[in-house]
1. If I take the Cα coordinates of the range B:307-358 and project them onto the principal axes, what are the three extents in Å, biggest first?
2. With every protein chain in place, what's the accessible area of A:Met450 (1.4 Å probe, Å², nearest 10)?
3. Please give me, ordered by residue number, the trypsin sites (Lys or Arg not before Pro) of the range A:143-243 that lie in loop per DSSP and have at most 16 other Cβ atoms within 10 Å.
4. Say the dipole of chain B comes from +1 at the beta carbon of Lys and Arg and -1 at that of Asp and Glu; which of B:Leu333, B:Phe414, B:Tyr197 then lies farthest toward its positive end?
5. Between chains B and A, what is the buried accessible area summed over both chains (1.4 Å probe, protein heavy atoms, nearest 100 Å²)?
6. Could you state, as a whole-number percent, how many of the C-alpha pairs of the range A:226-338 are farther apart than 17 Å?
7. In nm, give the distance between the simple-model label positions of B:Ile407 and A:Asp323, each being 7 Å from the Cα along the Cα-to-Cβ direction.
8. Just the number, please: carbon plus sulfur as a percent of the accessible area of chain A, 1.4 Å probe, no ligands or DNA/RNA counted.
Protein chains: 2
Amino acid sequence: MTTGTITTPVLEHLDAFKKISGEAYVFVDEEVLGQYAQDQTEDLHFLPDVVIKPGNAQEISDILKICNQYKIPVTPRAAGTGLSGGALPHLGGVLLSIERLNKIIDIDERNLQVTTEPGVITEVLQDAVKAKGLFYPPDPSSRGSCMIGGNVAENSGGPKAVKYGVVKDYVLNLEVVLPTGEIIWTGANVLKNSTGYNLTQLMVGSEGTLGIVTKIVLKLIPHPKYDLLMLVPFKSLETAGEAVSAIFRAGFTPSALELVEIEALEIVSKMVDSTAVPITPETEAHLIIEVDGNHMDALMAEMEAIAELLTGYDAGEVYFADDAQQKAELWKLRRRVAEAVKMSGYTIEEDTVVPRAQLPALIRGVKELGKQYHFHAVCYGHAGDGNLHIRINKPGTKNSQSDPEMIQSLRALFQLVQSLGGTISGEHGIGLVQKGYMDIVFDAKQLDIMRQIKKIFDPNNILNAGKIFEA
Amino acid sequence: MTTGTITTPVLEHLDAFKKISGEAYVFVDEEVLGQYAQDQTEDLHFLPDVVIKPGNAQEISDILKICNQYKIPVTPRAAGTGLSGGALPHLGGVLLSIERLNKIIDIDERNLQVTTEPGVITEVLQDAVKAKGLFYPPDPSSRGSCMIGGNVAENSGGPKAVKYGVVKDYVLNLEVVLPTGEIIWTGANVLKNSTGYNLTQLMVGSEGTLGIVTKIVLKLIPHPKYDLLMLVPFKSLETAGEAVSAIFRAGFTPSALELVEIEALEIVSKMVDSTAVPITPETEAHLIIEVDGNHMDALMAEMEAIAELLTGYDAGEVYFADDAQQKAELWKLRRRVAEAVKMSGYTIEEDTVVPRAQLPALIRGVKELGKQYHFHAVCYGHAGDGNLHIRINKPGTKNSQSDPEMIQSLRALFQLVQSLGGTISGEHGIGLVQKGYMDIVFDAKQLDIMRQIKKIFDPNNILNAGKIFEA
């Protein structure tokens, strides 16, 4: 399968694109191209030839038909908050932004479903359904700026996933424009479906390589009435990891169970000018633990029982967030860790995931690899799911693509992850920057199946080509 | 895509099969062939040419390589409890039973996962993990006889799905033998995974058409400590359907919410000789409602609040199952409905699913279609999920395949389901008997994508060919 070879220069089709989407929504000026040249991945940027902001599925279909005919690379983009380079237009061509598809179409309170366009900000969607007592749980740390369409593309998770699941667990049905221009629905708006192959689940997490999602039907659940939040310090990062597994083994199902290494907390506390959490020399990491439900007494009992359990893991003094403001402060710290550590020099991020009891082994391994390969790493993430974000700071190396020693060290990291029963990405996707490591977790046959699936949907390989695997 | 044309008669390969699986596990005698000629679907039966019971994935691989080379049809089979004809060897050839792959390989208490072979009885698996305080929720009514491999093939549900989800929500990773003989794993043993296309979810619910599952890694959760069960009579079947939607809108998440029409209850009560539920002339249907959790007080409050809510829907006197025995009695009645109504002449079953608020419209429509097309139907099923089983009794018509008026009436039924936003199968699969109706819910493009996916995995179309869609 080869990357599409453009048969005529992209810019010869500008008039056609303008006729489809309107002149106001087709951009070739450098400023706009520059804005869409990067996402949140490392320091990478690639200029597209043209940025198009279509207004609906039919326009997207018409654009894709032209691009398919002339084999023009198309990179779909939601909010550009991705961390694996999925929205980077590394082959030039058309950058297709879905930002104008930003309407919540219907909140169906009778069936607890919402139908939305992909360009709605995730938090806006959450707030809109919450106003009706409903809950859409998956909320990446970037929920205030990311879009639900991007979340579907990457199969995003976030802190609530540990109790409520990830995006794939909420998507019931998708309207998708295929690279060849057809518009299809992948399933039906039902909670259970055993009718043919699961095209919905094939589309979720396919990183914009199989089609462009234009409508999303999500399952909603009743919003829990109460939640409680606590922060627990640990003297050892590894012991914190052990405590995570113990909480589940004891029968608890927290609604969030996050791990933050002390250095990350220190950096983010400085950035947001917060003294909410004391940074003490004897603390190596914190767990942030939330429980939620409809019965406050039950939650109080549960929280106390968890705190009691953690004393057996050498936990320090537990800090309970007493009110909404304290909770918000703690969550703000957690949610802004990624941004803070990146600004602080930790530009390379890996999104490893292992069976949760393997967290201590993974954490130990990361630190050893750091010594061996001359990088410094901080760890944080969704420990309850075994999903550990590893931010890497290697002086002089701003991205993971060019430095041979960095590439070697990442191979070693992913081999470790694989040996622990884990895989490369838990919620950020493979995109551009991790595709070189897919051979560590998949053999030739598995990758061949994936490539052939790609070919069914995109015979000319125009849509986000060279993402997930080499074209 | 054409069905594989056998290049040499199946029986010429008997020696090769015996060499692979051992002489004791290759059967051509009529008695055994007859046992494997049917599943639980209507009155259909088709004799295979040979029954093979391999002992492991490697043997399955070796058998499939021969069948692939000589284009011999292969029908995989677990327990044969399916209701859509997925395990029927309608093309003859090899019937490949996975019954000997019946070991639970590992219950991983540290990670709350179980790795199992596909031939383990679902209830045996549930009991084994429950003994360690763990919970695998999806339990079809046939859990005492069905196998977990079959559940994966059909993406089964059961009464707990309304709170806990269906099989697809628990499968983390699968070992699969492809029709071409390769053995692959589909993913990793992790709770979150955004690493390439979701081959695991593609395999779940693919009804044995893409590969034969030989190992299954399932997510487990802590087993809830308590559950409460009640039975609520309604004067009108439609009002019962309306009450279902109201329960969720009010913010409750029951762990089961089943609907049983009075005629079905009457039939099953007679069959199991039970007087647990009084059958009164003013009752048209019952809801069976369960809540579960770790705090008894909270559950009691919830159950009372639901009962209170239902008085607004003209519910009759609520019957609370007071102890384990009463609960077991009620569940036994519910679980044996399918068997009882089938024995009573309702041989044709449809597995419709709609958005749950559309249940009353579906129920009303079924009754009208019955009048129009001269059949009698009883309804029951997982109302909380909008998943309604419709059992049809039409004197003189034992299956759905031969009577033109029956085929016409099923088309009308599925068109109604589709118009209500639903689809053909919620948990039983399409198999043999529903494949003629796929065009009602999928257009040519969607079906073409599915056929092409089939072709990637099974280029010679040997594995369960002619299931889900026409070969």
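The values are calculated or read from the model by the stated rules, or taken from the named source; none is laboratory data. No experiment lies behind these values; they were computed from the predicted model shown. All Cβ positions, glycine included, derive from the backbone under ideal geometry; neighbour counts span all protein chains shown. Ligands, DNA and RNA are stripped out before the accessible areas are found, and what is left, the full protein with its side chains, is counted by its heavy atoms. Shrake-Rupley method; radii C 1.70, N 1.55, O 1.52, S 1.80 Å.
1. For the range B:307-358, the Cα spread along each principal axis is 37, 33, 17 Å.
2. Number for this one is 0 Å².
3. A:Lys225, A:Lys235
4. Checking the options against the dipole of chain B, the answer is B:Tyr197.
5. When B and A are taken together, about 6300 Å² of accessible area is lost.
6. Of the Cα pairs, 51 percent sit more than 17 Å apart.
7. Spacing of the two 7 Å Cα→Cβ label points: 7.2 nm.
8. 49 percent
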